[in-house]
Every structure is written in C-alpha cells, then in structure tokens.
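Reading through the structure tokens given below for one structure.
The values are calculated or read from the model by the stated rules, or taken from the named source; none is laboratory data. Keep in mind the model is a prediction, meaning the values are calculated, not measured. Here the Cβ positions follow ideal geometry from the backbone for every residue, glycine too, while neighbour counts run over all protein chains shown.
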Amino acid sequence: MADYREMWANLGMDLEHHDVLCEVLPEAFGGIYLIQQDRPKGMDFYDFVVAEIHGVRPAEMMQHQKEGGKVFGTFCVYVPDEVVFAAGGIAAGLCGGSQFWVSGGEKVLPANTCPLIKASVGARLDKTCPFFLIPDMYVAENTCDGKKKAWEIMAGEVPLHIIDIPQMKRDRDIAAFEAEIKDFIAVVEKVTGNKITAESLGEAIKMINNKRRALQRVYNARKASPVPISGKDALLVTQINFYDDPARAAQMANNLADELEQRINNGTGVFPNNAVRIMISGTPMAIPNWKLHHIVESLGAAVVVEESCTGTRYFENLVDESATTLEGQIRALAERYMKTNCACFTPNSARIDDIVRLADEYKVDGIIDTNLQFCNLYSTESYLVKQVMTEHNLPIMHIETDYSEQDFEQLRTRVEAFLEMLRK
Amino acid sequence: MGLLLKKELDERNIKARISPTPREASKSCGISLIVNETDLPLIEQIIVENNIQILKVVSLARKEWKYRST
C-alpha cells in the first residue's frame with residue numbers, strides 16, 4: 001500500500017480536509033460495490049484504481065510532467081482528447097461526482113447550480129482532489145450556462161481554454177466546430193511545445209477509437225440475458241476510462257469483454273434471466289456518483305445501458321481513420337464529435353431516437369430518465385423524451401436528484417413502485 | 001504488492017476482494033485486500049513464501065452495509 005501523503009502535500013492539497021473523503025470511500029465502495037456477488041474477475045483492475053483513486057493515476061500524471069510532458073484537465077465528451085495525445089500530452093476527465101466537494105463549490109456558486117459543477121469547482125478551490133491540481137491547463141466548453149460562468153471563476157485559478165460548442169447541427173455548425181478544433185490544436189501545440197502532425201494525430205485517433213471499440217464490446221455484452229455484468233460495474237468502467245491511460249484502458253476493457261463473452265457462452269450472469277432490465281438516460285454520473293444504479297440494482301433490477309455522457313455517448317461513433325492529411329483528420333474529428341447528442345443542442349431529436357434504438361438493442365423493460373438537480377436542459381428535454389417513449393409503449397419515469405443521501409429512501413420508494421409496475 | 005498477493009490468491013482459489021483501505025487499518029488511502037479470517041493462516045504462508053510486503057493484518061467485524069454517499 002503506497003503512501004501518497006507526501007505527493008499530495010507537494011501538490012498543495014488540504015490534507016486534513018481530504019482525509020474526510022479518504023475516510024468515507026472504503027465504506028461507500030464496500031457498501032455499493034464489494035457486496036455484489038459473482039463480479040467478473042476483470043473488475044479487479046477497476047477496484048484497484050478506486051482503492052488508489054487519488055494516488056496511482058495522479059502519480060503517473062506527475063511523472064509525465066517531470067519528464068517535460070503536459071497534462072490537460074477536461075470536463076466534457078466534446079473535448080477531442082485525440083489532439084492532446086497527438087501532441088504528447090495527457091488528457092484527463094475532471095468532472096466531480098462527490099457530495100464531499102459540493103459545499104466547496106457552494107461558497108462561490110449560486111445554490112441552484114447543478115451538483116456536478118459545484119463539486120468540480122469545490123474540488124479545485126478546496127484543494128481536495130489531486131486531479132484538479134495537477135493539470136497545466138483546463139479545457140472547458142460551453143454546454144450549459146452553469147458551466148460557462150463557472151469557468152470564469154476557475155480561470156482565476158488555472159490557465160483555461162474554452163471550446164465553443166455549436167448549439168445546432170447544420171453544416172455550418174460542423175464547419176464551426178472544425179475551426180474550434182484548429183484553434184485547440186494551436187493552443188495545445190503552444191502549451192506542449194510539440195507540433196501535431198498527420199502521423200501523430202492519426203495514431204491518436206486510432207488509440208482513442210480502440211478505447212471506444214473496447215467499451216462498445218463491454219456494452220454489447222450487456223445486451224445478453226442473463227446480463228453478465230452489473231450496471232454498477234459497467235458504470236465504474238466508463239467512469240475510470242475518463243482519466244486512465246487510453247491504451248491501458250482499451251486493454252483492460254477488452255480483457256473484461258473477453259470474460260463477459262465467455263460468461264454469455266456459459267449462460268452465466270449476475271442477475272436472473274427474468275430480472276427487469278433498465279436503461280438510465282440523461283445527465284452524466286461522474287465518479288463516485290453511483291447512487292441511482294445502486295438504488296435500482298439493490299431492488300433486483302439490472303441496469304443494462306446508460307444513454308449518457310458516462311455511457312453510450314462517450315464511445316458510440318468512431319472517428320474516420322482513413323484521412324491522411326491534417327485537414328482531413330480535423331474534418332473527421334468534427335464530424336464524429338458533432339454526432340454526440342447532448343441536450344445543449346436544439347433541436348435534439350436525435351438523442352430521443354438514440355433512446356428508442358438503445359431500448360430495442362438492449363431489450364429494456366423500462367427507462368429511468370434522470371437529470372442532476374437544476375440541470376435545466378435535460379430536465380426540460382425530459383418532457384419530449386417521455387412523450388416519444390409513451391408513443392413507443394416504452395415505460396418511463398423521470399428522476400431529478402443530486403449526490404446527497406437525503407432523498408435516497410424517497411427515490412427508492414419511487415423506483416420500487418416503477419419496478420413493481422414493470423413486473424406486472 | 002496488493003495486486004501481486006491478489007494474483008497469488010486467485011491462483012489458489014482463495015477469495016479476496018480489492019478494497020480501499022478501511023480506516024480501522026490505516027489512515028493512508030490505498031489498496032487493501034479483504035479476506036476471510038479462516039483463510040488467514042494459509043494467506044500468511046503465501047505472503048512469506050512469495051516475500052510480499054504488507055503493512056499489517058487487521059480484523060474487521062462483519063457489518064450490514066448501508067448506503068452512504070461519498
């Protein structure tokens with residue numbers, strides 16, 4: 001067991017405050033994850049990463065900096081990681097999923113800000129997360145009003161580049177995003193001191209695509225009945241992929257997928273054949289937000305797919321690898337990223353089409369459409385989601401929640417009633 | 001070292017779970033293995049035979065897990 005306290009102190013972390021999180025994690029992870037039966041062996045790697053959550057990967061990132069490399073912290077699936085890795089940098093997802101950080105964010109943000117933004121800002125300002133203290137630069141975007149304004153506060157803390165995400169998906173919007181990628185390349189080249197070439201960008205595109213393919217394999221296995229992996233475990237895999245080394249992440253997800261495919265061949269699963277199959281759609285669940293999955297699965301239903309940024313939106317759609325010039329590769333990146341269906345776009349009917357398609361692919365019995373508290377975009381969109389699902393005879397419920405324990409029992413009662421209805 | 005021991009235990013079909021270190025064991029966040037107490041004599045033998053460095057062995061009471069947000 002490594003002792004990372006010296007590393008954290010060197011980063012300027014508030015060790016005493018951080019220790020509160022260290023104290024809670026073993027019990028929370030034990031109560032949510034380790035109580036599960038028949039978990040795939042491939043989950044050992046992910047359990048290890050959680051056990052050393054603020055140690056093992058931050059140490060790698062700091063070693064990279066010692067060797068002259070740069071680290072970029074990112075907040076959104078629209079940030080093209082390929083650009084960072086093509087310049088020899090490391091990109092790592094920073095979204096905060098812990099209630100522990102929320103109060104730190106509330107010191108500077110309005111109370112009616114979503115917990116993800118509060119936690120992310122709190123993690124930085126309170127100096128209680130190494131991932132937020134290591135990056136040489138944050139790469140942000142404008143996918144909601146809350147984030148837009150939060151970045152202006154964060155900009156006083158750390159160099160920050162903002163990618164302007166178009167809000168519609170016309171041809172000229174894709175061209176605009178292409179221009180944003182070009183600007184981002186110039187910024188990354190300046191920070192790293194490395195020129196991005198067609199060769200290096202081509203390699204990075206292949207590396208990130210391989211990670212996407214591996215995650216798709218894990219998700220494909222979840223289409224089987226009985227389902228060979230719990231929704232909680234699958235969610236953890238995706239969450240860790242946001243900041244792990246992409247090549248290793250692909251390898252680990254492929255190892256896990258091998259095991260899951262073997263389980264399917266043997267007819268073994270972690271829920272009975274007749275377990276209710278649930279899709280969770282909506283806002284992302286950043287690590288360690290496992291709340292809703294835990295509620296659903298502790299009531300005997302299986303979460304078999306997430307239509308979210310910590311689910312299918314993260315890995316569906318590959319970047320075309322055939323382009324050989326920088327110009328062509330940048331166009332391919334723009335086309336791929338603009339296929340992602342976030343509620344920040346209008347109209348966003350393609351997301352609703354995705355939910356209908358995924359419900360069929362994963363043979364779901366019911367959908368829980370959820371959004372983090374105060375997320376106006378996803379909350380408003382839930383009206384249309386419900387309308388279309390009802391037209392397709394797909395049972396759906398909507399849940400708005402945060403990271404706290406306060407509504408846990410209330411949510412459990414509501415989910416239990418929904419599952420009872422599905423079982424009839 | 002924790003992963004090395006886990007591998008050795010897996011090869012012998014001895015149940016072990018990788019966990020963040022419980023506070024009862026140490027204040028330093030990091031990896032621990034949770035094992036059944038009845039397997040402990042055999043595990044201690046494996047630790048010695050393979051020259052695996054461990055910090056300590058701590059006995060934990062079995063408890064009913066309750067949801068707790070992180």
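Structure data summary
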read-out: Residue within the stretch A:216-225 that is in contact (Cβ under 8 Å) with a residue 60 or more places away in the chain and under 15 Å from the mean Cα position of the chain (by Cα) present; value: yes
read-out: Residues of the stretch A:143-164 that turn out to be within 17 Å of A:K339 (Cα to Cα) and touching a residue at least 24 places away in the same chain (Cβ under 8 Å), as a count; value: 2
read-out: Yes/no for A:R57 being more than 11 Å from chain B (Cβ to nearest Cβ), touching a residue at least 24 places away in the same chain (Cβ under 8 Å) and crowded, with 18+ Cβ neighbours inside 10 Å; value: yes
read-out: Residues of the stretch B:18-51 classified as more than 9 Å from chain A (Cβ to nearest Cβ), touching a helix residue (DSSP H, G or I) at 6+ places or on another chain (Cβ under 8 Å) and closer than 17 Å to A:L34 by Cα, total; value: 2
read-out: Those residues of the stretch A:330-365 which are assigned to a helix (DSSP H, G or I), within 19 Å of the chain's Cα centre (by Cα) and among the basic types (K, R), in sequence order; value: A:R336, A:R351
read-out: Residue identified as closer than 20 Å to A:E335 by Cβ and of a type in the set (A, V, I, L, M, F, W, C) among A:A224, A:A198; value: A:A198
read-out: Qualifying positions in the stretch A:25-43 - of a type in the set (A, V, I, L, M, F, W, C) and surrounded by fewer than 19 Cβ atoms within 10 Å (Cβ to Cβ); value: A:L34, A:I35
read-out: Filtered residue count, the stretch A:364-406, keeping only those that are away from chain B (no Cβ under 14 Å), touching a Leu at 6+ places or on another chain (Cβ under 9 Å) and either surrounded by fewer than 14 Cβ atoms within 10 Å (Cβ to Cβ) or touching a residue at least 40 places away in the same chain (Cβ under 8 Å) (or both); value: 10
read-out: Meets criteria (over 30 Å from A:L116 (Cβ atoms) and either more than 11 Å from chain A (Cβ to nearest Cβ) or at pLDDT 90 or above (or both)) for B:I54; value: no
read-out: The lone exception for A:I368 - which of (1) under 14 Å from A:H294 (Cα atoms); (2) of a type in the set (A, V, I, L, M, F, W, C); (3) part of a helix (DSSP H, G or I) it fails; value: (3)
read-out: Check on A:V270, more than 14 Å from every other protein chain (Cβ to nearest Cβ), touching a Pro at 6+ places or on another chain (Cβ under 8 Å) and not in a helix (DSSP H, G or I); value: yes
read-out: Tally, over the stretch A:1-50, of residues that are touching a Phe, Trp or Tyr at 6+ places or on another chain (Cβ under 9 Å), facing chain B (nearest Cβ under 7 Å) and of a type outside the set (A, V, I, L, M, F, W, C); value: 4
read-out: Residue match in the stretch A:56-67 (condition: outside any helix (DSSP H, G or I) and closer than 29 Å to A:K232 by Cβ); value: no
read-out: Residue among B:E24, B:E44 that alone is of a type outside the set (F, W, Y) and farther than 18 Å from A:V24 by Cβ; value: B:E44
read-out: So A:I163, is it at pLDDT 95 or above, of a type in the set (V, I, T) and surrounded by fewer than 20 Cβ atoms within 10 Å (Cβ to Cβ); value: no
read-out: Wholly within the stretch A:72-164, strands (runs of 3 or more DSSP E) carrying at least 1 residues that are in contact with a His (Cβ under 7 Å, 6 or more places away or on another chain); value: A:90-93, A:137-141
read-out: Residues being part of a helix (DSSP H, G or I) and touching a residue at least 40 places away in the same chain (Cβ under 8 Å) - total across the stretch A:165-179; value: 5
read-out: Qualifying residues in the stretch B:1-17 (those that are in a loop (DSSP other than H, G, I, E, B) and closer than 21 Å to A:Y46 by Cα) - the one nearest to the other protein chains (Cβ to nearest Cβ); value: B:M1
read-out: Some residue of the stretch A:69-83 being within 14 Å of another protein chain (Cβ to nearest Cβ), of a type in the set (A, V, I, L, M, F, W, C) and in contact with an Asp or Glu (Cβ under 9 Å, 6 or more places away or on another chain); value: no
